[in-house]
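All remarks here apply to the structure that follows.
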Amino acid sequence: MLQIKPFSDSRLSDSCIYCGGLADTKDHIPSKCLLDKPYPENLSVVKCCNTCNQSFSSDEQYFACLIECIKAESTNVKDIERDFIRDILEKSPSLRKRIENNTKTTDGNVIFYPEEERIKNVLLKLVKGHTAYELSLSRLDDPQFFC
Ligand SMILES: [Zn+2]
């Protein structure tokens with residue numbers, strides 16, 4: 001994987017890309033929960049504050065688990081392909097149940113009804129992270145609309 005060298009203004013690199021506060025940690029872009037080990041070399045990172053970093057964790061976990069459940073067309077842990085996600089769902093039966101409670105089976109097909117705010121939170125994080133990393137642009141504001 002080609003690592004992009006940051007040439008951004010130091011005012012951007014010292015600030016949390018999500019809230020503009022003091023950056024005291026780093027965040028992987030894309031989120032590690034969307035990847036399997038071994039991770040790519042030189043995984044992209046952006047600076048952020050610990051509060052923002054932690055605030056995304058449960059939504060990212062939900063997002064990654066939801067994707068795998070949709071791929072498997074099931075919330076049964078035995079049907080989940082990725083070891084990492086299977087482990088999360090085994091250790092968090094409440095998360096698995098939460099996803100399962102938002103499904104409906106019709107004519108043998110499982111329909112998933114995602115929690116839109118959680119999906120939106122993860123997608124905005126990814127957009128802001130990639131924008132900061134690849135374009136050296138900090139977007140602290142949320143978009144006016146979200147499709
Ligand atoms: Zn922050």
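Considering only Cα-Cα distances, which of the following residue pairs are longer than 25 Å: Lys47/Lys97; Lys47/Lys91; Lys104/Lys125; Lys47/Lys78; Lys32/Lys125?
The answer is Lys47/Lys97; Lys47/Lys91; Lys104/Lys125; Lys47/Lys78.
State the percentage of accessible surface on region 45-147 attributable to carbon and sulfur atoms; use a 1.4 Å probe and exclude ligands, DNA and RNA.
Working: 3130 of 6340 Å².
After summing per-atom areas, the C and S share lands at 49 percent.
Which longest uninterrupted range of the chain lacks any chymotrypsin sites (Phe, Trp or Tyr not before Pro) assigned by DSSP to a loop state (not H, G, I, E or B) and surrounded by at most 12 other Cβ atoms within 10 Å? Walk me through the numbers before you get to the answer.
Working: sites that count: Phe7, Phe145, Phe146.
Counting at most 12 other Cβ atoms within 10 Å as exposed, the longest clean stretch of the chain is 8-144.
Skipping prolines and chain starts, which residues have an amide H placed within reach, meaning under 5 Å, of the one on Leu137, given they are 5 or more residues away or on another chain?
HN-HN under 5 Å from Leu137: Ala132.
Of the candidates Asp27, Asp107, Asp59, which one comes out as most mobile in a Gaussian network treatment of the chain with C-alpha springs shorter than 10 Å?
Asp107
Who wins for biggest fluctuation among Ile70, Ile85, Ile17 in a Gaussian network model of the chain, springs between alpha carbons below 10 Å?
Result: Ile70 has the largest fluctuation of those listed.
Mind checking the per residue accessible area of region 10-135 for me, 1.4 Å probe, whole number of Å²?
Values: 7200 Å² over 126 residues.
Per-residue value: 57 Å².
Quick one: which residues, 5+ away or cross-chain, put their amide H under 5 Å from the amide H of Ser15? H built at 1.01 Å from N.
Residues meeting the amide H criterion: Ala23.
Going by Cα centres, region 29-74 and region 92-147 are how many Å apart?
11 Å
Given an 8 Å cut-off on Cα distances and at least 6 residues of separation, report the relative contact order of the chain as a percent. Mind showing how you got there, number by number?
Details: 180 pairs, mean separation 41.6, N = 147.
Normalised by residue count, the contact order of the chain is 28 percent.
Could you pull out the longest piece of the chain with no exposed loop GluC sites (Glu not before Pro) in it, calling a site exposed if DSSP puts it outside H, G, I, E, B and it has at most 11 other Cβ atoms within 10 Å?
82-147
Using +1 at the Cβ of each Lys and Arg and -1 at the Cβ of each Asp and Glu in region 39-147, identify which of Tyr39, Ser74, Ala132 lies farthest towards the dipole's positive end.
Ala132
Using only the alpha-carbon atoms, what does region 10-135 span along each of its principal axes? Please give whole angstrom values in decreasing order.
Ordered largest first, region 10-135 gives principal extents of 56, 30, 25 Å.
Mind checking the dipole of region 10-135: about its Cα centre, +1 per Lys or Arg Cβ, -1 per Asp or Glu Cβ, Debye to the nearest 20?
I would put it at about 220 debye.
The values are calculated or read from the model by the stated rules, or taken from the named source; none is laboratory data. Here the structure is a predicted model, which is why all the values come from computation and not from measurement. Note: ideal-geometry Cβ built from the backbone for every residue, glycine included; neighbour counts use all protein chains shown. To get the accessible areas, we keep the full protein, side chains included, count just its heavy atoms, and leave off ligands, DNA and RNA. Shrake-Rupley method; radii C 1.70, N 1.55, O 1.52, S 1.80 Å.
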